[in-house]
1. With the condition kept exactly as written, say whether any residue in segment 126-145 is touching a Lys or Arg at 6+ places or on another chain (Cβ under 7 Å), surrounded by fewer than 22 Cβ atoms within 10 Å (Cβ to Cβ), under 21 Å from Leu30 (Cβ atoms) and acidic (Asp, Glu).
2. I need the full set of residues from segment 95-112 which are of a type outside the set (Gly, Ala, Ser), under 22 Å from Thr77 (Cβ atoms) and surrounded by 18 or more Cβ atoms within 10 Å (Cβ to Cβ), in order please.
3. Search segment 153-179 for residues being aliphatic (A, V, I, L, M) and without any contact (Cβ under 8 Å) to a residue 24 or more places away in the chain, and hand back the single one that is most open to solvent (accessible area, probe 1.4 Å).
4. Just give me the residues in segment 22-39 being within 18 Å of Gln192 (Cβ to Cβ) and open to solvent by 50 Å² or more (accessible area, probe 1.4 Å), in sequence order.
5. Looking for whichever is among the hydroxyl-bearing types (Ser, Thr, Tyr) and open to solvent by less than 30 Å² (accessible area, probe 1.4 Å) here; the options are Tyr19, Tyr7. Which one fits?
6. Scan segment 40-72 for residues that are surrounded by fewer than 16 Cβ atoms within 10 Å (Cβ to Cβ) and part of a loop (DSSP other than H, G, I, E, B) and jot them down.
7. So which residues in segment 100-120 are in contact with a Pro (Cβ under 9 Å, 6 or more places away or on another chain) and either in a loop (DSSP other than H, G, I, E, B) or of a type in the set (Lys, Arg) (or both)?
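The values are calculated or read from the model by the stated rules, or taken from the named source; none is laboratory data. Small disclaimer: the values here were computed from a predicted structure and weren't measured. Cβ: placed from backbone, ideal geometry, glycine included. Neighbour counts: every protein chain shown. Ligands, DNA and RNA are excluded from the accessible area calculation, which covers all protein heavy atoms including side chains. Shrake-Rupley method; radii C 1.70, N 1.55, O 1.52, S 1.80 Å.
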Amino acid sequence: MPNHEGYSRERAWTLLHEYTQSASLLKHALAVETCVLAYGEREADAENLTGDSRDEFVEKYSVTALLHDFDYEKYPTPEEHPFVGNRILTEQGWPEEIRTAILGHAEYSGVPRETHLAKTLFACDELAGFLTACSLVKPTKSIHDVEIAGVRKKMKDKAFAKGVNRDDITKGAEELGVALDDHIAFCIAAMQRNAGALGLAGVAPTDTLQPS
């Protein structure tokens, strides 16, 4: 895709890989991108954007999601992430709207989420991780077997995916102006469409040891 205002998905993908080696973090970036991109496409349609304007708008959502944790592996502490990453993005000339949205996805940054982009990133970040966890405990390890009711039940289980902040999921949906069940359903559907790239297309539940 064309380079808009100094950013492109290709450039973001390269930067992400420059700072991140962890397969799970890379998959998380893709999962968040999948959900954020779907909301970006819906918002672009709501604004009746077409052609290059639509492409630029949607790509901005992809880039923001891919880069939201790009510094986390090297700079994981709350004192560092996402602030070190923001300095790097500033030095490289990434647009302010993208950088502000990334800062805002961390509640402790104190940066308000004022744009639809910022609200979308925050709403999708923890949920994408949680939906991945819900998929991986299925016998099939498939996002196609994840349902809203099961997700809501798992959210109440404090022992499950303890690293995921349930309050952020709930607050994110509220800020985005979407009912929580609708938000969960929307992200499940988006991740199902991209299941292969996310490693969540699943395996046959009968995939056990085969006789020799």
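1. Yes, there is a match, as at least one residue in segment 126-145 is touching a Lys or Arg at 6+ places or on another chain (Cβ under 7 Å), surrounded by fewer than 22 Cβ atoms within 10 Å (Cβ to Cβ), under 21 Å from Leu30 (Cβ atoms) and acidic (Asp, Glu).
2. Arg99, Thr100, Ile102, Leu103, His105, Val111
3. Ala159
4. Lys27, the sole residue that qualifies.
5. Unique residue meeting the criteria: Tyr7.
6. Glu47, Asn48, Thr50
7. Matches in segment 100-120: His105, Ala106.
Each row is one residue, and each column tells you yes or no for (1) among the polar types (S, T, N, Q); (2) closer than 24 Å to Asp182 by Cα.
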residue	(1), (2)
Asp45	no, yes
Glu73	no, no
Gly85	no, no
Pro95	no, no
Ala101	no, yes
Gly104	no, yes
Thr120	yes, yes
